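The block underneath contains the structure these notes are about, expressed in structure tokens.
All of the numbers you see were taken from the coordinates with simple rules; none came from a lab. Note that the structure is a prediction, hence the values are computed from the model and not measured. No Cβ is skipped: glycine too gets one built from the backbone with ideal geometry, and neighbour counts run over all protein chains shown.
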Amino acid sequence: MITDSHDTIAAPATATGGAIALIRVSGPHALVCCDRIFKGSVRLADAHPNTIHYGHIVDGEREIDDVLMSVFRAPHSYTGEDSAEISVHGSRYIVAEVLRLLSRCGVRMAAPGEFTVRAFLAGKMDLSQAEAVADMIAADSKAAHALASTQMKGGYSSSLHELRQQLLDAAALLELELDFSEEDVEFADRTQLAAMLDNISAEVQRLASSFHTGNALKEGVAVAIVGKPNVGKSTLLNRLTGEERAITSEIAGTTRDTIEESCDIDGVRFRFIDTAGIRETDDKLERMGIERTRKAIADARIIVSINESGTEAESVDIKEGQTVIEVINKSDLADVNSDMTENDRLRISALTGDGIEELRMRLRAVIDTDGAYTGETIVTNSRHFDALQRASASLTAARSALDSGLSGELLSEELREVLNILGEITGEVTSDDILQNIFSRFCIGK
Ligand code: GDP
């Protein structure tokens, strides 16, 4: 249950294994509790906000560690509460000891994401910003970082806020008409209303369609490497990622399952999936691999279709929004003048590395990152995408209701529906279930 609780909580905020570990404490008694286990030159409860203090964590006479204690005061902290961050030496034992001492003082161990829940409930950030905190921590490329950063700073929230404000104004005018229903007046100009709905619809659709790129940038762009057995798919995956993940051999059917490795190309993470070659086979295991190949191809943003010189390309069913890059491998073996018909396909040698840089450039060119770096609002979250699609459908319904001369009352209900859906994204309209679902995926200490 996500509750608006006001007890004092603590949790480690860093993974084990580092030189320093950080323990977060937040709540009304955070500083008093820390004072009971901290020996320094000042009382933390009297310390100025945003200050750092050197001292020792002690258990009675026993010194546990020398530490730095950062002090934050409500409301100017991450959670909006009094908080402390204790930097200790990165020993699992020390962290456990500090947490044990804190719990002896009545501090409760925090649930996953509970610090961010408190920040959200205190109005320090909206729900989409809270989700961006998780994205920021998971960001593993320049592009994913840029998107998380824009969302965290509230870029997305302000776009949605503007749209909601327009809808609210229109709904309020329509509702005002109800008060004057006897007089048959129209406060909300229907032509202006139609234009406004069209604008909002266009923006909602633009946001929804940005998910295609946004999600790929956040999760890594899925690239399926497909081709007949033995054309060099595994060798290409190894060459592109600089790993030796896939086993290569001249025995067809060596790759029996999909193998995935990723690498960064100019700030974008690409996830390369080496697929099992599609062929007729009685081998049950290989058939399972082939099934997965079909799924990997269906889910991929880019398909690298690989062939050997002089052979026909493998036929692949392409879905809308997918890009195919055709390459001819083993250029080191081919007679350069022999294949005049293959000019539009990129010649590479996965073995020697010839043409690989050109392939990397072609892959990168498929993904447009301009918007991500200029702070454009780009949707990366499937929960938001789902809400935007529902909002778009409701807007279409509202627009046709308007065209068919529906009463102001029903029209305002349609607008309220859109408002509610958009409010789900920022958390203005939310439920315990939604919050639980989002924050349970956060890690401890976040
Ligand atoms: P897969 O079945 O499509 O994954 O093919 P592999 O990557 O296992 O490669 C099959 C064989 O072709 C192996 O012996 C590789 O060393 C060889 N091979 C792959 N790429 C090249 C290349 O560019 N040039 C040459 N000469 N051999 C290659």
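Using Cβ-Cβ distances only, list the Cys residues of the chain with no partner cysteine under 4.7 Å, sorted by number.
That list is Cys34, Cys263, Cys443.
Could you pull out every residue, at least 5 positions away or on a different chain, whose amide H is within less than 5 Å of the one on Ser262? Hs are placed 1.01 Å off N in the peptide plane, and Pro or chain starts have none.
Sorted by chain and number, the residues that satisfy this are Phe272.
As I understand it, the dipole of the chain uses +1 on the Cβ of Lys and Arg and -1 on the Cβ of Asp and Glu, about the Cα centre. Which of Gly371, Leu435, Leu333 lies farthest toward its positive end?
Value: Leu333.
Which far-off residues, 5 or more places away or on another chain, put their amide H under 5 Å from the one on Val58, with H placed in the peptide plane?
Close amide H contacts, sequence-distant or interchain: Phe38, Lys39, Ile64.
Taking square-rooted eigenvalues a ≥ b ≥ c of the alpha carbon gyration tensor, is the range 33-98 rounded, prolate or oblate, where a/c under 1.5 means rounded and, failing that, a/b exceeding b/c means prolate?
prolate
Compute a Gaussian network model of the chain, connecting alpha carbons closer than 10 Å, and tell me which residue from Ile200, Ile94, Ile302 fluctuates the most.
Top of the fluctuation ranking is Ile94.
Please build a GNM for the chain, connecting alpha carbons under 10 Å apart, and tell me which residue among Ser41, Ser331, Ser159 fluctuates the most.
Residue with maximal mean-square fluctuation among Ser41, Ser331, Ser159: Ser41.
Over the chain, what is the mean sequence separation of C-alpha contacts under 8 Å (at least six apart), divided by residue count, expressed as relative contact order in percent? Numbers along the way, then the final one.
Working: 794 pairs, mean separation 78.9, N = 446.
Answer for the chain is 18 percent.
Under the 0.36 nm per residue contour assumption, what length would be gained going from the current alpha-carbon distance of Asn199 and Arg43 to full extension? Before the final figure, lay out the partial values.
Values: separation 156, 0.36 × 156 = 56.16 nm, distance 5.70 nm.
Computed gain between Asn199 and Arg43 is 50.5 nm.
All other residues with a Cβ under 10 Å from the Cβ of His384 taken together, and with Lys, Arg as +1 and Asp, Glu as -1, what is their net charge? Please report the intermediate quantities before stating the final value.
Values: positive: Arg383; negative: Glu131, Asp386, Glu424.
Taking every Cβ under 10 Å from that of His384, the sum is -2.
Counting only C-alpha contacts under 8 Å and six or more residues apart, can you give the relative contact order of the range 54-190 as a whole percent?
On the way: 126 pairs, mean separation 17.6, N = 137.
Dividing the mean separation by the residue count of the range 54-190 yields 13 percent.
Could you identify which residue out of Glu413, Glu428, Glu312 has the top mean-square fluctuation in a GNM of the chain using Cα springs shorter than 10 Å?
Most flexible of the set in this elastic network: Glu312.
Tell me, what HN-Hα J-couplings in whole Hz come from the Karplus equation 6.51 cos²θ - 1.76 cosθ + 1.60 at θ = phi - 60° for each residue of the range 425-438, using x for Gly and Pro?
5, 8, x, 5, 10, 8, 9, 4, 4, 4, 4, 4, 4, 6
Quick one: grab Rg to one decimal and Dmax as a whole number for the chain, Cα atoms only, in Å.
28.5, 87
So for the range 328-446, Kirkwood radius off the Cα pairs, Stokes-Einstein at 10 °C and 1.306 mPa s: how many µm² s⁻¹?
It comes out at roughly 80 µm²/s.
Can you give the translational diffusion coefficient of the range 118-228 in µm²/s, computed by Stokes-Einstein from the Kirkwood radius over Cα pairs at 20 °C and 1.002 mPa s? Intermediate results must be reported in sequence, preceding the final value.
Working: Rh = 17.2 Å.
Stokes-Einstein gives a translational diffusion coefficient of 125 µm²/s.
Show the residues, 5+ positions off or on another chain, whose built amide H is closer than 5 Å to the amide H of Cys443.
Gly113
So for the chain: antiparallel DSSP bridges make up what percent, rounded to the nearest 5?
Numbers: 35 of 55 bridges.
If we restrict to bridges inside the chain, about 65 percent are antiparallel.
For the range 29-135, which GluC sites (Glu not before Pro) are in a loop by DSSP, counting at most 13 other Cβ atoms within 10 Å? Can you show the working numbers first?
Working: sites: Glu61, Glu63, Glu81, Glu85, Glu97, Glu114, Glu131; in loops: Glu61, Glu81.
When the GluC sites (Glu not before Pro) of the range 29-135 are filtered for loop state and at most 13 Cβ neighbours within 10 Å, Glu61 remain.
Residue by residue, what Karplus-based ³J(HN,Hα) values in Hz, rounded to whole numbers, does the range 137-147 have, using 6.51, -1.76 and 1.60 with θ = phi - 60° and x for Gly and Pro?
So the J values, rounded to whole Hz, are 5, 7, 4, 10, 8, 4, 5, 4, 5, 4, 5.
Count of lysine pairs in the chain with Cα atoms under 22 Å apart, counting only pairs 8 or more residues apart in sequence or on different chains?
20
Filter the chymotrypsin sites (Phe, Trp or Tyr not before Pro) in the range 121-216 to those in DSSP coil with at most 15 other Cβ atoms within 10 Å of their Cβ, and list the result. The partial results should precede the final answer.
Numbers: sites: Tyr156, Phe180, Phe187, Phe211; in loops: Phe180, Phe187.
Of the chymotrypsin sites (Phe, Trp or Tyr not before Pro), the ones in loops of the range 121-216 whose Cβ has at most 15 other Cβ atoms within 10 Å are Phe180, Phe187.
With the alpha-carbon atoms as the only input, what is the per residue convex hull volume for the range 46-163 in Å³? Could the numbers behind the result be given before it?
Details: hull volume 16.6 nm³, N = 118.
Cα-based convex hull of the range 46-163, divided per residue, equals 141 Å³.
In whole Hz, with x marking every Gly and Pro, tabulate ³J(HN,Hα) for the range 50-57 from phi via Karplus 6.51 cos²θ - 1.76 cosθ + 1.60, θ = phi - 60°.
Values per residue, Gly and Pro as x: 6, 10, 10, 10, 8, x, 10, 8 Hz.
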